[in-house]
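This report refers to the structure that appears directly beneath it.
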Amino acid sequence: MKRSLYEHTLPAPLNSFYGEAAIVLGSGLGYLTDSFSQSTTFDYRDIPGFPESTVEGHSGQLVTGTLAGRKVVGLRGRFHYYEGHSVDDVTAPVRLLAHMKIPNLIITNASGAINCAFSPGEIVAVTDYMNFGFRSTLPLAGHGKESAATIRGNPVDLDWLERTTKRLHREGIELKKGTYVWVLGPTYETPAEIRAFQKAGGDMVGMSTVPEISAAVQLGMRVLVFSCITNYASGITPEKLSHQEVVSAANKARQRFSYIVRTALESI
Ligand code: HPA
């Protein structure tokens, strides 16, 4: 792995935790850390180098433990660009994980379906993305000489994905795949924007993940991304979108989501 881009002293137990994988948990998916055994929880506010949360009351938590026989780090809660954070802030957790020398990263998120073959409550593996945030997603741009070349090639580890897909297939689960479109938010898209993304080849749309993928790839981590479809994107159905809909679809997906993440961990 490359140099860490993380220059802070960590709480001692984190310095000596040798995780095999980390999981960034998106909106409504944080419950996965409840299944960790031998878990230890750290509040984001106690981790040097993490930005201050802009959301009153909960700053997020980093949980270490064991899941599916792997030593893992779970990140409950993430920093979004639309909250006013910079790309450097948004990617601080990923840079921390690289500093901890964690080689494998599973990023999860909630997204809206552009592709009509996807429905709310479904989990789709992200195989590529489009940056409709129209800004560089590389953390500490200009600091890393190697940075310009790092996002060429596949953003996710297609071999790891293939092993995971095959295992799931043997269990009778067909994992769908798609291209994720990153938008800045915080407003949902207009129907015209979604039609444009559809024509461009996008399958789902969301407001996170792409800066984290860039940072992880830049730092030499292997990456998988699973998206929980929480709604049809704007204009695909006549209903209005709400945050409540996002959370309740994520809840509906619980069992399958946990199963897919465990299978991915077993397939490392
Ligand atoms: N658009 C953008 N971000 C989202 C959506 C959506 O429809 N659903 C969940 N996150």
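Hey, could you check the stretch 211-251 for residues that are acidic (D, E) and assigned to a helix (DSSP H, G or I) and say which is surrounded by the most Cβ atoms within 10 Å (Cβ to Cβ)?
If we take residues in the stretch 211-251 being acidic (D, E) and assigned to a helix (DSSP H, G or I), then E212 is surrounded by the most Cβ atoms within 10 Å (Cβ to Cβ).
Considering only residues that are under 24 Å from L138 (Cβ atoms) and open to solvent by less than 30 Å² (accessible area, probe 1.4 Å), which ones fall in the stretch 6-18?
Y6, L10, listed by residue number.
When the residues of the stretch 56-97 are narrowed to those that are under 11 Å from E20 (Cα atoms) and among the aliphatic types (A, V, I, L, M), which ends up surrounded by the fewest Cβ atoms within 10 Å (Cβ to Cβ)?
Among those residues, the one meeting the criterion is L67.
Can you tell me which residues in the stretch 23-36 are open to solvent by less than 60 Å² (accessible area, probe 1.4 Å) and either more than 26 Å from V124 (Cβ to Cβ) or not in a strand (DSSP E or B) (or both)?
Within the stretch 23-36, the subset open to solvent by less than 60 Å² (accessible area, probe 1.4 Å) is 23-33, 35-36.
Result: G26, S27, G28, L29, G30, Y31, L32, T33, S35, F36.
Of (1) modelled with pLDDT of 90 or more; (2) on the phi < 0 side of the Ramachandran plot; (3) out of contact with any Phe, Trp or Tyr (no Cβ under 9 Å at 6 or more places or on another chain); (4) open to solvent by 10 Å² or more (accessible area, probe 1.4 Å), I151 satisfies all except one. Which?
Going through the list (1) modelled with pLDDT of 90 or more; (2) on the phi < 0 side of the Ramachandran plot; (3) out of contact with any Phe, Trp or Tyr (no Cβ under 9 Å at 6 or more places or on another chain); (4) open to solvent by 10 Å² or more (accessible area, probe 1.4 Å), I151 breaks only (1).
Only one residue in R254, R195 is away from the ligand (no atom under 12 Å from the Cβ), open to solvent by 10 Å² or more (accessible area, probe 1.4 Å) and out of contact with any Phe, Trp or Tyr (no Cβ under 9 Å at 6 or more places or on another chain), so which one is that? Break it down into steps so the answer makes sense when it comes.
Details: R254 fails: out of contact with any Phe, Trp or Tyr (no Cβ under 9 Å at 6 or more places or on another chain).
Matching residue, one of R254, R195: R195.
Pick from N115, N109: which is buried (at least 16 other Cβ atoms within 10 Å of the Cβ), polar (S, T, N, Q), within 16 Å of the ligand (Cβ to nearest atom) and part of a strand (DSSP E or B)? Steps first, answer last, please.
Details: N115 fails: part of a strand (DSSP E or B).
One residue alone meets the criteria, N109.
Just for the stretch 155-181: of the residues that are part of a loop (DSSP other than H, G, I, E, B) and open to solvent by less than 100 Å² (accessible area, probe 1.4 Å), which one is modelled with the lowest pLDDT?
Here the residue is P155.
Output the residue which, of all residues in the stretch 166-189 that are in contact with a strand residue (DSSP E or B) (Cβ under 6 Å, 6 or more places away or on another chain) and among the hydroxyl-bearing types (S, T, Y), is farthest from the ligand (Cβ to nearest atom).
So, considering only residues that are in contact with a strand residue (DSSP E or B) (Cβ under 6 Å, 6 or more places away or on another chain) and among the hydroxyl-bearing types (S, T, Y), the one farthest from the ligand (Cβ to nearest atom) is T179.
The values are calculated or read from the model by the stated rules, or taken from the named source; none is laboratory data. Here the structure is a predicted model, which means the values were calculated and not measured. Every residue, glycine as well, gets a Cβ built from its backbone with ideal geometry; the counts of neighbours run over all protein chains shown. Heads up: the accessible areas ignore ligands, DNA and RNA and are worked out on the full protein's heavy atoms, side chains in. Shrake-Rupley method; radii C 1.70, N 1.55, O 1.52, S 1.80 Å.
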